[in-house]
Amino acid sequence: MDRQEAINGYLFFSPWLIGFFLFMAGPILYSLYLSFTSYNMLKPPRWIGFLNYKILFTEDPLFWKSLYNTLYFVFFSVPINIFFGVLIALLMNQKVRGIRVFRAIFYLPSIVTGVAVALLWQWLLDPNFGLINDGLAKLGIEGPGWLSDENWSKPSLILMNIWSVGGGMIVYLAGLQGVPKDLYEAATVDGAGKMKQFWRITLPMLSPTIFFNLVMGILGGFQVFIQAYIMTGGGPVNSTTFYALYLYNKAFKDLQMGYASAMAWVLMLITLIFTLIIIKTSRSWVYYEGAENK
Amino acid sequence: MNTYSSVKTSLFIHRIMVYSLLIAGSVLFILPLLWMLSTSLKGDVGLFDLPPKWVPEPFQWDNYVKAVQSFPFLRYTYNTLFLTFVSMFGTVLSSSLVAYAFAKLRWPGRNVWFVILLATMMLPPQVTMIPVFVLFKKLNWIDTYLPLTVPYFFGGAFYIFLLRQFFMTIPKELSEAAKIDGCKEIMIYAKIFLPLSKPALATLAIFTFMGTWNDFLGPLIYLNDPDKFTLALGLRSFQMQYGTRWNVMMAASIIVMLPTIVLFLSCQKYFIEGITLTGIKG
């Protein structure tokens, strides 16, 4: 190895290396320390051992509620978005005129995010004057109270999330376009029908992309914040108090930085376990092409 | 009927089905935005018409004037633009430097660090959020733009990964020839790699733009002085003040959304490029 090149390597790499220690590694360790303290930012952190974790697991029903809400959201929203993402990508992969315009239309909602979208959906879901209940009424269905009904508030946000399926869709589309054409040709020659081709060729070839979106979707699902903060404030009856919102409230409203740090560590362990489980099971359902690709 | 014409008929039916699905889906996806536009032009009374009307009578363009006047709109636009451009500059500069180290230079520990880089993308931001807040508080950076800009100068893992993939496609011969001519590494990076990577850098800049423009949690945590607010925070305080004036609120939301929509429609190519670049298609 060239010495000069190695020095240059570290010089070019140094911005991230410094950032890693300042904003990642250091904070992760400090966060672990804080999770064993009581800290309100006014007085120095006071060591209290495992008390935060003990309260969290045994005396804080809202922690369990927020965890339940978040898992509910993840369990429904992630598979639903994968399903629609793949479905729309299959549609977008058709060679018909004007397909580019359609792609743009389906992709557009996923690039508008943030507060404006939360406000828009709050209005769309308005029980009396919103577009969605008006549409349901036209079909003869009486729409629910959506965000104001504790049984419908989470489904409302899951529905809203489908609107931004375009981000995943475009990734699946890239995956679909990477499937070698001769596979389909060979299958057709062998007499395999369209359905069989989908299950035997398209889906296996797409499985690495689905795997990627599954992991990212789960990690993203644990971050749900803006919708709850803007649209429901966590209500009604804490039915949309998601983990990230509860953690934010603990840290920045109640100034319980130690307690919130303990929550952050629990969150990290949960997502780590999820990711590991998915990686473990992926060996049985994710298809990787032979070594010539790597 | 011979087989040729039956194939033709089934192709035709297939095409009809594809188009009906495409059109039905597009209508569903575009309706919320049209509804937003329609609401933003309604009068205070027409807003609560039952059943709702799609075409407001008359068009209340006035709502847009009200929206812009009811919060320091220009000030917030300027603040948001400032934050966005500084973050874009920081991200592109630092991420490209680091990506170059990963793609074109050999140094001990490179592969290990690359794995660590990828692993950090899996880290829930909450784990670092509180200590980093404490750090910035100790530095007296709260209520300044420093916490919202400085971190961007240390590179983003996803962007580094994206650019690394792109740099790897640039032939080695180019940099080797330059090296023989006595070019310094930094010159090769600046004079050969950056110009050749314009599309990838544009993708990066656009992704950063989208992220910062829409960022809510960052400004929410770090900014207290209303004069320093961004558009996202402005919309939030607008909501707190005018709760149910949906027409004016939708007008304000459209104004805030518009730059991202225009950017998307004019740079679609780069959005798609970013996806194919990452090579996650398997």
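Quick note: the coordinates plus some simple rules give every number you see, no bench work behind them. Only a predicted model underlies this, so the values are computations on that prediction, with no experimental measurement involved. Heads up, the Cβs are rebuilt from the backbone with ideal geometry, glycines too, and the neighbour counts pull from every protein chain shown.
Among A:Val101, A:Val237, A:Val165, whose mean-square fluctuation peaks in a Gaussian network model of chain A (Cα, cutoff 10 Å)? Per the Cα network of chain A with a 10 Å cutoff, A:Val101 tops the list.
Once both labels are positioned 7 Å from their Cα atoms along Cα-to-Cβ, the gap between A:Leu203 and B:Ser266 label points is 4.4 nm. What residue among B:Thr260, B:Thr230, B:Thr84 has the largest mean-square fluctuation in a Gaussian network model of chain B, using Cα springs under 10 Å? With Cα springs under 10 Å in chain B, the top fluctuation among B:Thr260, B:Thr230, B:Thr84 is at B:Thr260. Between A:Phe252, A:Phe73, A:Phe225, the Gaussian network model of chain A with springs among Cα atoms under 10 angstrom shows the greatest mean-square fluctuation at A:Phe252.
Sequence-distant contacts, meaning Cα pairs under 8 Å at least 6 residues apart, place the relative contact order of chain A at 29 percent. Sorting A:Tyr30, B:Tyr19 from the fewest to the most surrounding beta carbons within 10 angstrom yields B:Tyr19, A:Tyr30. With Cα atoms as the point set, the radius of gyration and Dmax of region A:53-293 evaluate to 21.0, 67 Å. Cα-based radius of gyration for region B:3-64, normalised by 2.2 N^0.38 Å, reads 1.89. Farthest towards the positive end of the charge dipole of region B:58-170, among the residues B:Thr84, B:Phe166, B:Met129, is the Cα of B:Phe166, using unit charges on the Cβ of Lys, Arg, Asp and Glu.
In this structure the amide hydrogen of A:Thr37, modeled in the peptide plane, comes within under 5 Å of the amide hydrogens of A:Ile48, none closer than 5 places in sequence on its chain. The value of relative contact order for region B:69-278, using C-alpha pairs under 8 Å at least six residues apart, is 35 percent. Reducing region A:50-122 and region B:102-174 to their Cα centroids gives an inter-centroid distance of 25 Å. Across region B:235-252, computed HN-Hα scalar couplings (Karplus, 6.51 cos²θ - 1.76 cosθ + 1.60, θ = phi - 60°) run 4, 4, 5, 4, 4, 4, 7, 10, x, 10, 7, 4, 4, 5, 5, 5, 4, 4 Hz from first to last residue, x flagging Gly and Pro. Sequentially through region A:111-118, phi angles give Karplus couplings (6.51, -1.76, 1.60; θ = phi - 60°) of 9, 8, 9, x, 4, 4, 5, 4 Hz, Gly and Pro residues having no value and appearing as x.
Just going by the charge dipole of the protein assembly as shown, with Lys and Arg at +1 and Asp and Glu at -1 on Cβ, which of B:Leu33, B:Pro72, A:Ser207 is farthest out on the positive end? Looking along the dipole axis, the top candidate is A:Ser207. Only helices enter this figure: runs of n ≥ 4 DSSP H residues, each worth -39500 (n - 2.57), summed and divided by the residues of the protein assembly as shown, yield -21500 deg cm²/dmol at 222 nm to the nearest 500. For chain B, the Cα-based Rg and Dmax, in that order, read 24.8, 83 Å.
Here the residues A:Thr281, A:Thr275, ranked from fewest to most Cβ neighbours within 10 Å of their Cβ, fall in the order A:Thr281, A:Thr275.
Taking the charge dipole of chain A about its Cα centre, with +1 at Lys and Arg Cβ atoms and -1 at Asp and Glu Cβ atoms, the residue from A:Pro44, A:Val74, A:Phe102 reaching farthest to the positive side is A:Phe102. For region B:198-206, backbone phi angles converted through the Karplus equation (6.51, -1.76, 1.60; θ = phi - 60°) give residue-by-residue couplings of 3, x, 5, 5, 5, 4, 4, 4, 5 Hz, Gly and Pro being listed as x. Spacing of the modelled spin labels on A:Ala187 and A:Ser14, each 7 Å from Cα toward Cβ, amounts to 5.3 nm.
Taking the Kirkwood radius as the inverse of the mean 1/r across Cα pairs, report the Rg/Rh of the protein assembly as shown. On the Cα set of the protein assembly as shown, Rg over Rh gives 0.98. For the protein assembly as shown, the Cβ-based charge dipole about the Cα centre amounts to some 900 debye (Lys, Arg positive; Asp, Glu negative; other atoms uncharged). Note on A:Leu272/B:Arg106: beta-carbon distance plugged into 1/(1 + (r/R0)^6) with R0 of 35 Å gives a FRET efficiency of 0.65.
For region A:98-133, the residues whose backbone nitrogen is under 11 Å from a point 7 Å from the Cα of B:Ile30, taken along Cα to Cβ, are A:101-106. Distance from the Cα centroid of region A:187-215 to that of region B:21-74 is 42 Å (rounded to whole angstrom).
By other beta-carbon atoms within 10 Å, ranking A:Ile201, B:Ile261, B:Ile188 with the fewest at the front produces B:Ile261, A:Ile201, B:Ile188.
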